[in-house]
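Novice: Starting off with a structure, shown below.
The values are calculated or read from the model by the stated rules, or taken from the named source; none is laboratory data. Keep in mind the model is a prediction, meaning the values are calculated, not measured. Cβ sites come from the backbone with ideal geometry, for glycine too, and all protein chains shown count toward neighbours. The protein model used for the area step is the full one, side chains on, heavy atoms only, and it has no ligands, DNA or RNA in it. Shrake-Rupley method; radii C 1.70, N 1.55, O 1.52, S 1.80 Å.
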Amino acid sequence: MKTKNRILITGNEACGEGAIQAGCRFYAGYPITPQNELTAYMSKRMDETGGVFIQAESELAAINMVFGASVAGARAITTSSSPGISLKQEGISYLAGCELPAVIVNIMRGGPGLGNIAPSQADYFQATKGGGHGDYHCTVLAPASCQEMMDLTRTAFDIADKYRSPVIILGDGILGQMMEAVEINQKSRAKKQKSKPWALTGCKGRKPNKIRSLLLKDGELEDLNRRLQKKYELIKKNETRLEQYKTEDAKIIIAAYGTSGRIAKACVDRLREKKIKAGLFRPISLWPFPYKALRKLGTGSTKFLVVEMSTGQMVEDVRLAVQNDKKVSFYGRTGGGIPSEEEIMEKALSLK
Amino acid sequence: MEKIIFKKPNSMKDALTHYCAGCGHGIIHRLVCEVIDELGIREKVIAVAPVGCAVIAYDYWNFDTTEAAHGRTPAVATGIKRVYPEKVVFTYQGDGDLAAIGTAETIHAANRGENITVIFVNNGVYGMTGGQMAPTTIVGQRTTTTKKGRDLKRDGFPLKISEMIAILEGAKYIERTAVSSPKEILRTKRAIKKAFEIQIKNEGFSMVEVLSMCPTYWGMSPEDSCKRIEKDIQKVYPLGVLKG
Ligand SMILES: Cc1ncc(C[n+]2csc(CCOP(=O)(O)OP(=O)(O)O)c2C)c(N)n1
């Protein structure tokens, strides 16, 4: 029976359950609000499933334990919130350079600095434009519900393994802590994992494997970077994800992701009630950003309103896609502020 | 009949190392490889190389090896070992890697009783970056960042991290040895073997600190470097079993 597979859980727990469903049996993390439920959940679930749970001494240690687990070929995850994610950046760069799969979850809170523990979307630049050093990208997925927290986390492991590349789940404090009914997808559990002949397992019956990002010989590192770029082109082609809601005839298109996207969706309906043709463009993959889909939208007179819980980060990608700055407006709240429907409506109506 | 009295261990690739004349890393690499051969574990070993002079150890070692970010070596080893408890996992780290940038990872891996082996090469300087002060540099020692010699007031005390780790309940076996003479080299080999055996018996964290020469950044001949270990360095870092 279908109802049997529906459970009421928080977004943080849904994310953890998605990892378990993906066959992830390695978790390392360090406590930080607003994602503590996730760490606690993993502690319980790893025990139940015979996996590894380590409360690490820091986020630095946690990401590098995940690096080690990935070196050994395991599906591994670490989760944190903004300040902790800053600490993980060196490790994420090493994962990208060593071409290792891993999933990193950022339940964003207000920054900069210690900031506050209220929800935020101010780590968009960090997640999508690099974050650590070097020429690399992480695939970045942005859920907007507890269901997506689960489903996208599960998907994240497949993407990470397929491209041998780190994947970030970018949520926020609201998504992490709210509760919703979630449908558990039983089928996906059986999904077979890709074999990993590159992993370090002891060199029995084969030549030793080595994993490294240090490439000192002439041209070697440039070659790696070219190869990474090719991989990123493939990811752009195959893994761009988005939701469009009533955009076909829209004159005002609100572009927003995650929690902001959800609030904006309600605004679209309210604007439609007022006979204003509004639509929602919600990127689900923030990297790769759905530039092409966005570029195709609207006619000459269509206006775009970007809504974020930041002072304006994704808006830069929207401008790149639309290629007409006059058509792109922005509304944002920052430092833990959440845009209300009324504020978004007011801004949308002012564009008319 | 000819009798083989010297050969490269199976665990060692047939390569010339990049190490400077008189450097201890080459000796210690070889000892590790001999022990791995003798224990018959080459195909179960997974090694973690540091950031430091030994960063390309995987070009010399004939078994599975990964790099790790500077100092995060024991965290990476922890991840591997927890995935594969039945494999033999070891880190090879310099004093900067282990006792400065990676202090937290080292202490917590030991304190968790992580069943890994750490080969800790104490040469008293940062070799790879050109001979700066290390946490282990002894008082008065000149380096590129202590031109007048390590000054207690400005630079603090040499860090005796093995003594610190020895008091942790999770640490099973901690020994300090040297590679400054054939006799000490043999002792070092015995200590490395014991450390691996402890891991194989699932007894917990084992570490061998090896006092090693860096003639290049000590500014002396290989021979004088060996003498310096016996005369000066061992006064600060006495040899022996600290735990086990
Ligand atoms: C995060 C980071 N900081 C600094 C460096 C530069 N660095 C490379 S090796 C090293 C010190 C190595 O010294 P040690 O660990 O004592 O090993 P040795 O080279 O003497 O064998 C430093 C500071 C780096 N690679 N990464």
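Novice: Under unit Cβ charges (Lys, Arg +1; Asp, Glu -1), what dipole magnitude, rounded to 20 debye, does the protein assembly as shown have relative to its Cα centre?
Specialist: In debye, rounded to 20, the protein assembly as shown gives about 1140.
Novice: Out of segment B:179-208, which trypsin sites (Lys or Arg not before Pro) are coil in DSSP terms and have no more than 13 other C-beta atoms within 10 Å?
Specialist: B:Lys201
Novice: Shifting gears a bit: Could you check the simple spin-label distance between A:Glu183 and B:Lys8, using points 7 Å along Cα→Cβ, in nm with one decimal?
Specialist: 6.0
Novice: Simple spin-label model, 7 Å along Cα-to-Cβ: A:Lys275 to A:Leu215 in nm?
Specialist: Computed distance between label sites A:Lys275 and A:Leu215 equals 6.1 nm.
Novice: Under 20 Å Cα to Cα from B:Lys183, which aspartates and glutamates show up? Leave out anything in the same chain fewer than 8 places away.
Specialist: Output for B:Lys183: B:Glu34, B:Glu38, B:Glu175, B:Glu209, B:Glu223, B:Asp224, B:Glu230, B:Asp232.
Novice: Would you work out which of A:Thr311, B:Gly156, A:Met150 lies farthest towards the positive end of the dipole of the protein assembly as shown, given +1 charges on the beta-carbon of Lys and Arg and -1 on that of Asp and Glu, about the Cα centre?
Specialist: It is A:Met150.
Novice: Over chain A, what per residue volume does the convex hull of the Cα atoms give, in whole Å³? Working shown, then result.
Specialist: Working: hull volume 51.2 nm³, N = 352.
Per residue, the Cα convex hull of chain A comes to 145 Å³.
Novice: With the full set of protein chains in place, find how many percent of the accessible area of segment A:90-137 is carbon and sulfur; take the probe as 1.4 Å.
Specialist: After summing per-atom areas, the C and S share lands at 58 percent.
Novice: Taking the Cα centre of chain B as origin and charging only Cβ (+1 Lys, Arg; -1 Asp, Glu), how large is the dipole, in debye to the nearest 20?
Specialist: That gives chain B a dipole magnitude of about 460 debye.
Novice: Between A:Arg206 and A:Ser58, what length comes free when the chain is fully extended (0.36 nm per residue of separation minus the Cα-Cα distance, one decimal in nm)? Could the numbers behind the result be given before it?
Specialist: Details: separation 148, 0.36 × 148 = 53.28 nm, distance 3.57 nm.
Stretched fully, the A:Arg206-A:Ser58 segment lengthens by 49.7 nm.
Novice: Okay, next question. Taking θ as phi - 60°, what are the ³J(HN,Hα) couplings along segment B:89-99 by the Karplus curve (6.51, -1.76, 1.60), each to the nearest whole Hz, with x for Gly and Pro?
Specialist: Each residue of segment B:89-99 in turn: 10, 9, 10, 10, 9, x, 6, x, 4, 8, 10 Hz.
Novice: Here's something else I'd like to know. Dimensions of chain B along principal axes (Cα, Å, largest first)?
Specialist: For chain B, the Cα spread along each principal axis is 50, 49, 29 Å.
Novice: A further question on this structure: Using the Karplus curve 6.51 cos²θ - 1.76 cosθ + 1.60 with θ = phi - 60°, what ³J(HN,Hα) values do you get for each residue of segment B:178-195, in whole Hz, with x for Gly and Pro?
Specialist: Calculated HN-Hα couplings, in order: 9, 10, 8, 7, x, 5, 5, 4, 5, 5, 4, 4, 4, 5, 4, 4, 4, 4 Hz.
Novice: Please report, in debye to the nearest 20, how large the charge dipole of chain A is about its Cα centre when each Lys and Arg carries +1 at its beta carbon and each Asp and Glu carries -1 there.
Specialist: In debye, rounded to 20, chain A gives about 1380.
Novice: Looking at this model, which pairs from A:Lys265/A:Lys347; A:Lys296/A:Lys326; A:Lys251/A:Lys292; A:Lys194/B:Lys13 are more than 23 angstrom apart at the alpha-carbon? If you can, show how the numbers build up before the last one.
Specialist: Values: A:Lys265/A:Lys347 15 Å; A:Lys296/A:Lys326 17 Å; A:Lys251/A:Lys292 18 Å; A:Lys194/B:Lys13 31 Å.
Beyond 23 Å: A:Lys194/B:Lys13.
Novice: Once amide H atoms are built 1.01 Å from N in the peptide plane, which residues 5 or more positions from A:Val105, or in another chain, come under 5 Å H to H?
Specialist: A:Thr78, A:Thr79, A:Ser80, A:Ile169
Novice: Let me ask something else about it. Which is farthest toward the positive dipole end of chain A among A:His133, A:Cys24, A:Gly110, measuring Cα position about the Cα centre, with Cβ charges +1 (Lys, Arg) and -1 (Asp, Glu)?
Specialist: Checking the options against the dipole of chain A, the answer is A:Cys24.
Novice: Mind listing P(r) for segment A:221-315? All alpha-carbon pairs, 10 Å bins, whole percents.
Specialist: 16, 41, 26, 12, 4, 1
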